[in-house]
Amino acid sequence: MKAHDGMYIDGAWRPAAGKDVIEVVNPADEQVIATVPAGTAEDVDAAVRAARAALPGWAATPPAERAARLAALRDVLVAREEEIAETVTAELGSPLAFSRTVHVGVPIAVAGSYADLAATYVFEEKVGNSTVYHEPVGVVGAITPWNYPLHQIVAKAAPALAAGCTIVLKPAEDTPLTARLLAEAVHEAGVPAGVLNLVTGLGPVAGQALVEHPDVDLVSFTGSTAVGRRIGATAGAAVKRVALELGGKSANVILPSADLARAVNVGVANVMANSGQTCSAWTRMLVHRDQYDEAVELAATAAAKYGDRIGPLVSAAQRARVRGYIEKGIAEGARLVAGGPESPRDKGYFVSPTVFADVTPEMTVAQEEIFGPVLCVLRYEDEEDALRIANGTVYGLAGAVWAGDEAEAVAFARRMDTGQVDINGGRFNPLAPFGGYKQSGVGRELGTYGLAEYLQTKSLQF
Ligand code: NAD
C-alpha cells in the first residue's frame, strides 16, 4: 500500500490543503493498493492560479516548441509503457495485454498525432482583408472518467497543450494513479511549470470547485450524462465554454446481406472489451428477423468463450449497478442466453459476459447505458424498422453497420443520428473526430476537430 501525499501543482508535488484521502482499490482482488489526497476547493484554486500564471508564456511559445514537448511526452509514455500498463491493470482491472495495446497504445498514438498537428496546424490565416488568428481559449478545467484512464486525459491534455492552453486536471476517483504517472510524464517531457496541474479528489468537491472557478475559461468533461448536464448548466450560467463527452447506447446494425458470423463475433468482442466499460460500445445488436435465431446462438457462443478472459468491473458500485440492470432485463422479459447476475468468482468485481435475446426497444436494458459486459440482441422487420430502433434512444455516440456492399452500409450509416459509425468493422482512427449527437455530448475530441475545441479566433481587418 502506497500513501501518496502530493498533488502536481506549478511544476512540483505539493502537499494537499486538507488531510482527507481517497483509497484506490484493485478490483481484481479488492485490496487497497494506494491512497491519494482528496483535494479541496483550496487545492483547485492553487492549481488554477498556477495555470493562469503559466498561460501567457505557454500561449506565446512557438507551436514548433509546443510540438517538441508533445513529442517528448509521447516518448516518455513509450519509455514508461510497462509501468503505466501495470498501473492501469492494478486500479482498473483490465487484462495486462489490453492495458498495453489499448490503454497505453492509444494515448501514445494520440500524443504523437498532436505533436504532428501542433507543428503543422495553420494558427494564422488570411480571409479577404482580414488576418484570422487561432488563439488558445485559456485555462482548461479537464474532468475525466475511469474507464480509459490515460486515454481520456491525453485526449484533452494533448490538444490543449498543442493549442497553447494551460490545464487543471481532475481525474476520476477510481483511477488517480494513472493520472499521477501522466503528470510525471509531462514533467519529464520538459513542459514548463504550471502548464499542466493535477488535483485528485471527489467529483462533487474538487470537480465542482473546478467547474465553478471563475478563472477557468473552458471546462472539458468526459463522464456520465447526468453529471455532464449539471456541468453544462453551471458553465452556461457563467458563459464559459464547455465540451461534453457523455454516455452512449450504440447500435450495431447487421443488414441481411452482411457476413453474419463476422458481424456478430466482432460485435460481441466490441462489447466485452474493457469489460463493457466503453462509452462507444455497440451494446445493442440489431438483426433481421430471418437471421435472428442464428445470430443469438452465435452471440451466446461467442460470449461464453470470453468466460474468464475479461477483467473485473472497476468497483463494487459499478458491479452492483450492472447486476441491477441484468436483473431488470430478466424482470422485463428479456431472455438470458449467456451470463447472468451471479458473481462468477468469490473475489473481485467480476460479472460474466452476458447476452440478452428477445430484447424490445423500449426495455430498460435497451435504453439505458449499462457500462458492463452486457449485450442486447434486438430483432428488426425491415430497414426502416432497424433505423427507427437504432435512432430510438437519447444517445448518439457511435455505432456500426455491416452489409455485403460497402455503399449499402454507408447509405444506412448516413441516416443514423450518431457521431461515429464503423463500416464492416472499420479500424479505430486517432485522427477522426469523436463525439456525440443528441445527449451523448457537445463538441469533438481527437485530430484537428479536437484541437479546434481549445482555440478561439481573433480577426484583424486591414
Ligand atoms: P461520472 O460522471 O460519475 O464521473 C466522471 C468524472 O466527473 C469523475 O472525475 C468525477 O469525479 C467527476 N464528477 C462527478 N460529479 C461531479 C460534479 N458534480 N462536478 C464535477 N465533476 C464531477 O462518470 P464515471 O462513472 O466516472 O464514468 C462513466 C461514464 O462516462 C459513462 O456514462 C460513460 O459513458 C461516460 N464516458 C463517456 C465517454 C465519451 O467520450 N463520450 C468516454 C468515457 C466515458
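The values are calculated or read from the model by the stated rules, or taken from the named source; none is laboratory data. Everything numeric in this text was worked out from a predicted model, so none of it was measured. Cβ: placed from backbone, ideal geometry, glycine included. Neighbour counts: every protein chain shown.
Points worth noting:
- Every residue from the range 431-462 that is under 12 Å from Glu245 (Cα atoms), in a helix (DSSP H, G or I) and of a type outside the set (Lys, Arg): Gln439, Ser440, Gly450
- The residues of the range 218-232 that are more than 9 Å from the ligand (Cβ to nearest atom) and either surrounded by fewer than 22 Cβ atoms within 10 Å (Cβ to Cβ) or more than 19 Å from Ala155 (Cβ to Cβ) (or both), listed by number, are Arg229, Gly232.
- Just one of the listed residues (Val122, Val127) is within 21 Å of Ala64 (Cβ to Cβ), more than 16 Å from the ligand (Cβ to nearest atom) and in the same structural domain as Arg69 (by TED's automatic domain parsing), namely Val122.
- Flag for Gly194 being in the same structural domain as Arg66 (by TED's automatic domain parsing), more than 16 Å from the ligand (Cβ to nearest atom) and over 18 Å from the mean Cα position of the chain (by Cα): yes
- Which numbered condition Leu378 fails, given (1) more than 16 Å from the ligand (Cβ to nearest atom); (2) under 26 Å from Gly93 (Cα atoms); (3) of a type in the set (A, V, I, L, M): (2)
- One residue alone among Val127, Val122, Val104, Val132 is surrounded by fewer than 18 Cβ atoms within 10 Å (Cβ to Cβ) and touching an Asp or Glu at 6+ places or on another chain (Cβ under 7 Å), and that residue is Val132.
- Taken together, Lys347, Lys328 contain a single residue that is in contact (Cβ under 8 Å) with a residue 60 or more places away in the chain and more than 20 Å from Trp282 (Cβ to Cβ), which is Lys347.
- Of all residues in the range 244-262, those satisfying the criterion of being away from the ligand (no atom under 16 Å from the Cβ) and touching a helix residue (DSSP H, G or I) at 6+ places or on another chain (Cβ under 7 Å) are Asn252, Val253, Ile254, Leu255, Pro256, Ser257, Leu260, Ala261.
- Scanning the range 5-42 for residues being of a type in the set (D, E, K, R) and over 30 Å from Leu313 (Cα atoms) gives a total of 3.
- The number of residues in the range 310-339 that are at negative phi and either within 15 Å of the ligand (Cβ to nearest atom) or not hydrophobic (A, V, I, L, M, F, W, C) (or both) comes to 20.
- The residue that is surrounded by the fewest Cβ atoms within 10 Å (Cβ to Cβ), among those in the range 159-182 that are among the aliphatic types (A, V, I, L, M) and more than 15 Å from the ligand (Cβ to nearest atom), is Leu181.
- The numbered conditions (1) surrounded by fewer than 16 Cβ atoms within 10 Å (Cβ to Cβ); (2) hydroxyl-bearing (Ser, Thr, Tyr); (3) modelled with pLDDT of 95 or more are all true for Ser352 except (1).
- Residue match in the range 59-77 (condition: touching a strand residue (DSSP E or B) at 6+ places or on another chain (Cβ under 7 Å), in contact (Cβ under 8 Å) with a residue 24 or more places away in the chain and in the same structural domain as Cys165 (by TED's automatic domain parsing)): yes
- Test result for Trp13, free of Cβ contacts under 8 Å to residues at least 24 places away in the same chain and surrounded by 14 or more Cβ atoms within 10 Å (Cβ to Cβ): yes
- In the set Gly450, Gly435, only one residue is touching a residue at least 40 places away in the same chain (Cβ under 8 Å), buried (at least 22 other Cβ atoms within 10 Å of the Cβ) and not assigned by TED's automatic domain parsing to the domain that holds Ile108; that residue is Gly435.
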